[in-house]
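First up is the structure itself, then whatever we jot down about it.
The values are calculated or read from the model by the stated rules, or taken from the named source; none is laboratory data. Small disclaimer: the values here were computed from a predicted structure and weren't measured. Note that we place each Cβ from the backbone using ideal geometry, even for glycine, and neighbour counts take in every protein chain shown. The protein model used for the area step is the full one, side chains on, heavy atoms only, and it has no ligands, DNA or RNA in it. Shrake-Rupley method; radii C 1.70, N 1.55, O 1.52, S 1.80 Å.
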Amino acid sequence: MDIWSVHLCPILDSGKDWMRIIPLMNSQMQAKIQKFRQPEDQLRTLCGELLLQAYALEQWGISPSSLIKTYNAYGKPELAEYRSCHYNISHSGDWVVAAFDNQPVGIDIETTANPIEISIAERFFSPAEVSLLREQYEEQQQSLFYDLWTLKESYIKAEGAGLSIPLDSFSFEFQEHHKVEFYRSGKPDTSWYFKQYRIDPGYALAVCGRESNFPEQVETVRWDKLISII
């Protein structure tokens, strides 16, 4: 597994004319990008696609023109002609991240700046997770909430079944050395593995995969490398 990321701030602050790249994408991606009105949202979508194209060419030897996508019933994209090449993309705030593997993978990043309410956890988290949240001081509650939320999202995205999986039907426990234990229907489940990363103090990031072959670090990709394949 590999995890790549793009930090948007240097791109936006540099004054680079990144919008000139949009017309160079295929028509479907152009339409997807142009659905967004805000430039930041357009850039996030563009960078997600560029991460996929750059990784596919460098690591899988697949050209951008061969990245034909299909979507399952819940909207998860897959590469139609390369079923053993799996990827997942997430973005929030200043970051776009992508995970790549030879088995299903899910990734989620969230900014932790938005205040949380325990009532949200009561609706979507398991009773054990809600209890754990309530035991924390307010600052720790914020951090723990987003740790749990990104773990849950990463699993749902890896499964590719969307919100048809109730968020309170599975849960997590935190062990020593940052190990995460996964439970479904109250029983330990070792068919999925999880890892959390801290790429920015203001963000939570979690990855879910079929094996525990997680990289030690998330690789940050520069804009120049991203567009070198265009």
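In table form, for the structure just shown:
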quantity: Scope the range 153-172; condition surrounded by 13 or more Cβ atoms within 10 Å (Cβ to Cβ), in contact (Cβ under 8 Å) with a residue 40 or more places away in the chain and either of a type in the set (Phe, Trp, Tyr) or under 19 Å from Arg123 (Cα atoms) (or both); matching residues; calculated: Glu153, Ser154, Tyr155, Ile156, Gly162, Leu167, Asp168, Phe170, Ser171, Phe172
quantity: Candidate set from the range 96-124 (those that are in contact with a Leu (Cβ under 6 Å, 6 or more places away or on another chain) and open to solvent by less than 40 Å² (accessible area, probe 1.4 Å)); member that is nearest to Cys47 (Cα to Cα); calculated: Ala98
quantity: Count of the range 212-230 residues which are more than 16 Å from Trp95 (Cα to Cα) and not basic (Lys, Arg); calculated: 10
quantity: Which listed residue is more than 23 Å from Ala204 (Cα to Cα), in contact with a strand residue (DSSP E or B) (Cβ under 9 Å, 6 or more places away or on another chain) and of a type outside the set (D, E, K, R), from Leu67, Leu57, Leu52, Leu24; calculated: Leu67
quantity: Some residue of the range 59-78 being assigned to a loop (DSSP other than H, G, I, E, B) and within 22 Å of Phe145 (Cα to Cα); calculated: no
quantity: Residue list for the range 11-46, filter: surrounded by fewer than 19 Cβ atoms within 10 Å (Cβ to Cβ) and not in a helix (DSSP H, G or I); calculated: Gly15, Lys16, Asp17, Asn26, Lys35, Phe36, Arg37, Gln38
quantity: Some residue of the range 14-26 being among the aromatic types (Phe, Trp, Tyr), in contact with a Phe, Trp or Tyr (Cβ under 9 Å, 6 or more places away or on another chain) and farther than 14 Å from Ser90 by Cα; calculated: yes
quantity: Test: Gly93 is under 16 Å from the mean Cα position of the chain (by Cα), open to solvent by 20 Å² or more (accessible area, probe 1.4 Å) and either at pLDDT below 95 or of a type outside the set (A, V, I, L, M, F, W, C) (or both); calculated: yes
quantity: Residue in the range 125-139 that is at pLDDT below 95 and either basic (Lys, Arg) or under 27 Å from Asp41 (Cα atoms) (or both) present; calculated: yes
quantity: Residue list for the range 92-114, filter: in a strand (DSSP E or B) and polar (S, T, N, Q); calculated: Ser92, Thr111
quantity: Criterion (among the small types (Gly, Ala, Ser) and surrounded by 15 or more Cβ atoms within 10 Å (Cβ to Cβ)) met by exactly one of Ala54, Ala73, Ala80; calculated: Ala54
quantity: Failed criterion for Glu49 (all others in (1) of a type in the set (D, E, K, R); (2) open to solvent by 30 Å² or more (accessible area, probe 1.4 Å); (3) assigned to a helix (DSSP H, G or I) hold); calculated: (2)
quantity: Leu133 being under 19 Å from Phe194 (Cα atoms) and surrounded by 11 or more Cβ atoms within 10 Å (Cβ to Cβ); calculated: no
